[in-house]
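> My questions will all concern the structure given below.
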Amino acid sequence: MELREWAIRILSGETLEEKLLDPDELTDREPGPPLFWNEPSRPPGMGFNRRTKSEKLPPFQVHGSQDNRAICLHRFAGHELLAVEIMAFALLAFPDAPKHFRRGVANTLREEQGHVQLYMKRMSELGLQFGDLPLYRHFWSHTPHLTSPLRYVSLMSLTFEQANLDFAPLYGKSFAHFGDQASAALMQKILADEINHVSFGWQWLRKLKEPSQSEWQTWQDSLPPIMSPKRGKGFVVHEEHRRQAGLSTEWIENLKNI
Ligand SMILES: [Fe+2]
Ligand SMILES: [Fe+2]
């Protein structure tokens, strides 16, 4: 299947099966004209809700409750599904990007589909099904800004995914603290993959930036005006995960100081 057709099926899919479609063979011979997808179709009951106070995640001290951990996993699964869709968006929006870039986005998309499935499995073990709770637009609010591969990696890989280098281990630690080793192991797996996803973004930021500009400056300039670079980190900056992703010492120091 062509990457373009795959992306269209994911974005227009009205079942989770379509969203998680994983063809045996993916080709990229006819990427077609740029197509900026407006908003994804969703399975019944999984459309975007308005933001409310209930959007707040259960705080760490109540993670001893299985239901509260399941609520956290549901939110994370929602983020994974959004990541799947945003990556499909990128495949359609940037047909002229280097083949190597498109292949990397496709590989990452597949891993995000895997993450949705891992969360679904663990959630159901905790008594919750994907779609039982509201889902939010989140990343899709920023797609009008995603007009180039550089902007894409700056927002997706180097902001949302970079922040997960702090949040995934934080939640993993909390789940382990309350004896939920299975959920903790899941967060560990997510972290390992996320390190690679951030690494992908970093490598392409370096390839796509103006030679005279630093990585840090390029990243700041490529974010939507309403998006603070602070969104690229959690409460504690896990330096070792960033080093594993290849981020420079200068970048890590700058991040700690914003
Ligand atoms: Fe993911
Ligand atoms: Fe990711």
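Each value in this text was obtained by applying a stated rule to the coordinates, not by laboratory testing. If you're wondering where the values come from, they're calculated on a predicted model, not measured in any experiment. Quick reminder, even Gly has a Cβ in these numbers, built from the backbone with ideal geometry, and neighbours come from all protein chains shown.
> What's the FRET efficiency of GLN117 with LYS230 using the Cβ-Cβ distance as r and R₀ = 25 Å, to the nearest 0.05?
0.20
> In debye to the nearest 20, how big a dipole does region 196-258 give about its Cα centre with +1 on each Lys and Arg Cβ and -1 on each Asp and Glu Cβ?
160
> Obtain the nm distance between the two label points defined at THR147 and LYS173 by a simple spin-label model: each point lies 7 Å from its Cα along the Cα-to-C-beta direction.
Modelled inter-label distance: 4.1 nm.
> Please identify the longest segment of the chain free of exposed trypsin sites (Lys or Arg not before Pro), where exposed means a DSSP state other than H, G, I, E or B and no more than 15 other Cβ atoms within 10 Å.
57-258
> Just to be sure I follow the rule: in the chain, considering lysines 8 or more places apart or on different chains, how many pairs have Cα atoms under 20 Å apart?
Here the count comes out as 13.
> How high is the FRET efficiency from ARG137 to THR249, r the C-beta distance, R0 45 Å, rounded to 0.05?
Efficiency at R0 = 45 Å is approximately 0.80.
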